[in-house]
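What follows is calculated from the coordinates using simple rules that are stated; it is not laboratory data. Since we're looking at a predicted model, the values are computed, not measured. Using ideal geometry, Cβ is built from the backbone for each residue, glycine included, and neighbour counts are taken over all protein chains shown.
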Amino acid sequence: MGDSRSRWAEALREISGRLAEMPADSGYPAYLAARLASFYERAGKVSCLGSPTRTGSVTVVGAVSPPGGDFSDPVTSATLGIVQVFWGLDKKLAQRKHFPSVNWLISYSKYDDALLPFYDGFDSSFVGVRATAKQVLQQEDDLNEIVQLVGKDALAETDKVVLETARLIKEDYLQQNSFTSYDKYCPFYKSVGMLKNIIDFHTRATDLIEKTSSHAGDGRVTFDMIKRRMGGVIYKLASQKFIEVSDGEESVRRSLQEVSDEVERAFRDLESANFESMR
């Protein structure tokens, strides 16, 4: 953990100035990027000293504090040009008590392709589920401006599904409480199971609304109808994080599968009831 690379860079600028070196952008020395790279390049696969012969890996996490949140700051831009993963902390999320306060829209990883074989071997549907979740969060950000202008009621029914799914992802999946036994850490199999159930709800709700959009009267399914009929299911989706990991992987997987089965059953019942009302 390197905290803080910004102060380290400021010290480098101070020393460079005292040595009367030619300044570059914002007074930082021209070799700023090279010095930063030499620090981050220490990360990777390593051969450990001593015996027996061992190999391991070193992960470097560096904290950068751009002045005023300006990402064009030389230290920030040079760092982003070197690192492969970026977690963008968001002050507004912290003010809303959303922890960890990582902005899901600006954060990224360049290791996606390298990890594809692992993801496919673990669960072949995970990559598609993750892509859908990211798309939902982006759509929700685009819709927020419209909601502020005209309100939720003016949105299309499928857009209302997007807002509800994004709420589940943000509040009940991404947000964690490190002071609880169920939420202080989350194994990958639980993360995958939780997200699959949330996205399954999103996909089924969207498909059912689109399928009945041309129907008239009671035959048309709206999001309010889904929310009213499936309040218990939505609550169970939000409560997945309370599943205790200490109960063991088999127990956790069984609990997540029960939620998945309930989502499927609820939509099947709703579709059947809707079909009967049209007869």
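Can you compute the helix-only [θ] at 222 nm over the chain? Use -39500 (n - 2.57) per DSSP H run of at least 4 residues, normalise by all residues, nearest 500 deg cm²/dmol.
On the way: 11 runs with 153 residues, N = 279.
Result for the chain, helices only: -17500 deg cm²/dmol.
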Step by step: find N for the chain, compute 2.2 N^0.38 Å, then divide the Cα radius of gyration by it. What's the final number?
1.29
Would you mind ranking Ser255, Ser214, Ser109 by Cβ crowding within 10 Å, fewest neighbours first?
Ser214, Ser109, Ser255
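Got a sec? How would Tyr182, Tyr111 order by Cβ neighbour count within 10 Å, fewest to most?
Ascending Cβ contact count within 10 Å gives the list Tyr111, Tyr182.
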Residue order, fewest to most beta carbons within 10 Å, for Cys48, Cys186
Cys48, Cys186
Using the eigenvalues of the Cα gyration tensor, what equivalent ellipsoid semi-axes result for the stretch 90-203 when each is taken as the square root of five times the eigenvalue, whole Å, largest first?
25, 19, 14
For Val221, distant residues with modelled amide H under 5 Å away:
Thr212
Using C-alpha positions alone, give me the convex hull volume of the stretch 183-254 per residue in cubic angstrom.
89 Å³
By its C-alpha gyration tensor, with a ≥ b ≥ c as the square roots of the eigenvalues, how is the stretch 1-122 shaped: rounded for a/c under 1.5, else prolate for a/b larger than b/c, else oblate?
oblate
For the chain, what are the DSSP H helices with axial Cα length of 27 Å or more and mean Kyte-Doolittle hydropathy of at least -1.0?
126-150, 188-211, 249-278
Over 5 Å intervals from 0, what percent of Cα-Cα pairs in the stretch 138-267 sits in each interval?
2, 10, 19, 20, 18, 13, 9, 5, 2, 1, 0
In whole angstrom, note down how far apart the Cα centers of the stretch 154-195 and the stretch 106-125 are.
19 Å
Taking the square root of 5 times each eigenvalue of the Cα gyration tensor, what semi-axes in Å does the equivalent ellipsoid of the stretch 1-49 have, largest first?
26, 11, 9
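I need the per residue convex hull volume for the stretch 51-115, using only the alpha carbons, in cubic angstrom as a whole number.
152 Å³
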